[in-house]
Structures are given as structure tokens and as C-alpha cells.
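Single-structure report; data block below.
The values are calculated or read from the model by the stated rules, or taken from the named source; none is laboratory data. Keep in mind that what you see is a predicted model, and the values were worked out from it rather than measured. Don't worry about glycine lacking a Cβ; one is built from the backbone with ideal geometry, like all the others, and counts go over all protein chains shown. In case anyone asks, the SASA skips ligands and DNA or RNA and just uses the protein heavy atoms, side chains included. Shrake-Rupley method; radii C 1.70, N 1.55, O 1.52, S 1.80 Å.
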Amino acid sequence: MSSLKTQKNAQSVSAFLNAIEDPQKRKDTKAICQWMKTASRENPAMWGDAIIGYGSYHYRYASGREGDWFRIGVSPRKQYLSVYLLAGFENQQDLLAKLGKHKTGSCCLNIKRLSDVDETVLQELINRAAQAKICSEQ
């Protein structure tokens, strides 16, 4: 069974943040990181080369595959800021409707910049995700 490529590691979160070339993306990522730290009450850790994760949980699928993953995280991708909220969006339609310009995947919220969204709504999504059960924990 193969292992996940993206693993928690000891790379410096501060160095990663300070190396983000685009000043607005760097500022936005730092703001999201602060909200995630407050919501999770966890220190950040690098996961792979480009994801800052908060908290962790152990999962095990029926297939036998298992591993560890972060509960919430952010990654400054080339086109988007990817906000990972592992609790998903199934019960978040009320907030997503008020958020502003965004795209979602199963557990990933993509925004171009913070100015495109209502920051209070994004913070509430982060707060809810930090407190929610992950489906594999239930």
C-alpha cells in the first residue's frame, strides 16, 4: 500500500510564509493562518512543501488505508488561496451563500484574495471546521 506524499514535516512555517512572493497573497495567507491558529488553538505545521496545517487526526478507511492529516489548513497556490476545511461544506450552505466570490471542492475552498470575500463569514467557516467532527472520526 502506498503512503501519502504529503506528510507533516519540520519545515519552518514562518520561512514559508515570508517566501511568498506576491505581497497581497502573503498578507492574506498570514491573516488566514492567524484565524486558523485562534480557531484551532493549535500551532501550525508544514504538510508537504506548500500546505500549512492546524491540528491533526488519524483516519482509517474500510480498505485498510490509514494515515494522519490536518483538520484545517491553507495553501497559497498560484491561482487561488486554497483553504482546507476537512469537515466539508455539507451543512455550510448558509455561510457559503454570504461568503462572496469562491469555488469549493469536497473539502477545499478556493478564493483569489480576501478582498473578494466577507472575512467575518470566512472566519466563521474556519471556526466551525475547527470544532467539527471529521467524517472518519464519527
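Values computed for the structure shown
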| quantity | calculated |
| --- | --- |
| Accessible area of the range 1-125 belonging to carbon and sulfur atoms, whole % at 1.4 Å probe | 46 percent |
| For the chain, built as a Gaussian network whose Cα springs stay under 10 Å, the top-fluctuating residue of 110, 127, 91 | 91 |
| Only Lys, Arg (+1) and Asp, Glu (-1) charged, at Cβ; the chain dipole about Cα centre in debye | 220 debye |
| Ordering of 36-45, 113-122 by burial proxy (mean other Cβ atoms within 10 Å per residue, highest first) | 36-45, 113-122 |
| Expected 222 nm ellipticity per residue - DSSP helices of 4 or more, -39500 (n - 2.57), all of the chain, to 500 | -9500 deg cm²/dmol |
| Cut-off 16 Å, label 7 Å out along Cα→Cβ of residue 19, residues of the range 65-89 by amide N | 75-78 |
| Percent of C-alpha pairs per 5 Å bin, the chain, short to long | 2, 10, 20, 24, 21, 13, 7, 2, 0 |
| Among 83, 56, 132 the positive-end extreme of the charge dipole of the chain (Cβ point charges) | 83 |
| Centroid-to-centroid separation of the range 17-38 and the range 44-76 [C-alpha atoms, Å] | 19 Å |
| Under 22 Å, Cα to Cα: Lys pairs in the range 37-136, sequence gap 8 or more or different chains | 8 |
| Peptide ranges 49-55, 5-11 listed from the most packed, as the mean C-beta count within 10 angstrom indicates | 49-55, 5-11 |
| Length gained when the stretch residue 120-residue 27 is fully extended (0.36 nm per residue, less Cα-Cα span) | 31.8 nm |
| Length released on extending from residue 78 to residue 57, taking residue separation times 0.36 nm less the Cα-Cα span | 4.8 nm |
